[in-house]
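To start, the structure under review is shown below, and the notes come after it.
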Amino acid sequence: MRRFEFEVDREHAHAVNETFTGLRRMRWLALLAAGLAVAATAALLWSGQAWGYLLAFVCALAAAIALWVALWTPHRSDIEKLYRDGVLVPAVVCAAEPSGIILLALVDTAEATAPARGWALVTRKVRALPGHEPELGERVPSVAVRTDGAPRQVGERWQLVTAMPIAWGTRDRTVIERARETISDLEWRLLAENLALAARVRRTATKRLMLDPRHLPPELA
């Protein structure tokens, strides 16, 4: 598993890192849902109706789940931890639209102990990409981040994974260049050769397309 160490600029990351802002939004929504569920539970119990007790139990369960998500999310939204634990992966700009930039990344969806690799193409739409030019084929070193909301991957593969640019964690272009050079030319070349598949990947529900291992270079087996 290839990691990339660098000093994260927290101020910069908090301002531009869309993964962090997404997790923070999820936490506030979970807190809101928990509050509404608690209020509904109290109202149903106060009603004194027999059917209300059953619904109150359901609402209380929903409140517990939402509260668990709210308490667990800060653990996942630690910027340094996201970069430290993430695997360094290649990503390239595959399209630039008025509403954002589309990245195509090559990720290994298999966990470290799996008997075989599970290479996939994933896409991600981002609003801003500081430190990079929004040009087709621009190399954007990133780390793979799970987005399924589960505390552990299911089975031998991550269910949902996306790419988080190194540029969202630092303003230092030398760090971005060092990350770019750490990734092999083989991986960059494989991404460039599969740019035409980006539209197909975006049409999938998970924004992920598994690659046939028979068509991959032996080095990635």
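The values are calculated or read from the model by the stated rules, or taken from the named source; none is laboratory data. What you are looking at is a predicted structure, and each value in this text was computed from that prediction instead of being measured. With ideal geometry, Cβ positions are generated from the backbone for all residues, glycine too; neighbour counts draw on all protein chains shown. Accessible surface areas use protein heavy atoms only, side chains included; no ligands, DNA or RNA. Shrake-Rupley method; radii C 1.70, N 1.55, O 1.52, S 1.80 Å.
Among all residues of region 186-201, there is none that is outside any loop (DSSP other than H, G, I, E, B) and under 24 Å from Lys81 (Cβ atoms). Just one of Ala91, Ala105, Ala70 is on the phi < 0 side of the Ramachandran plot and modelled with pLDDT under 85; which is it? Going through Ala91, Ala105, Ala70 in turn, the sole match is Ala70.
Taken over region 170-190, the criterion of being farther than 22 Å from Asn17 by Cβ and open to solvent by less than 60 Å² (accessible area, probe 1.4 Å) is satisfied by Ser184, Leu186, Glu187, Trp188, Leu190. A single member of Ala13, Ala43, Ala64 is touching a residue at least 60 places away in the same chain (Cβ under 8 Å) and either at positive phi or in a helix (DSSP H, G or I) (or both), and it is Ala13. Restricting to region 82-93, name every residue that is of a type in the set (A, V, I, L, M, F, W, C) and farther than 15 Å from Glu187 by Cα. The answer is Leu82, and nothing else. Close contacts from region 115-132, counting a first residue that is over 12 Å from Cys94 (Cα atoms) and of a type in the set (A, V, I, L, M) and a second that is part of a loop (DSSP other than H, G, I, E, B) and at pLDDT 95 or above, with Cβ to Cβ under 8 Å and a gap of 6+ residues or different chains, come to Leu129/Val140. If you filter region 29-45 down to residues that are crowded, with 19+ Cβ neighbours inside 10 Å and at pLDDT 85 or above, you find that the one that is nearest to Val69 (Cα to Cα) is Ala37.
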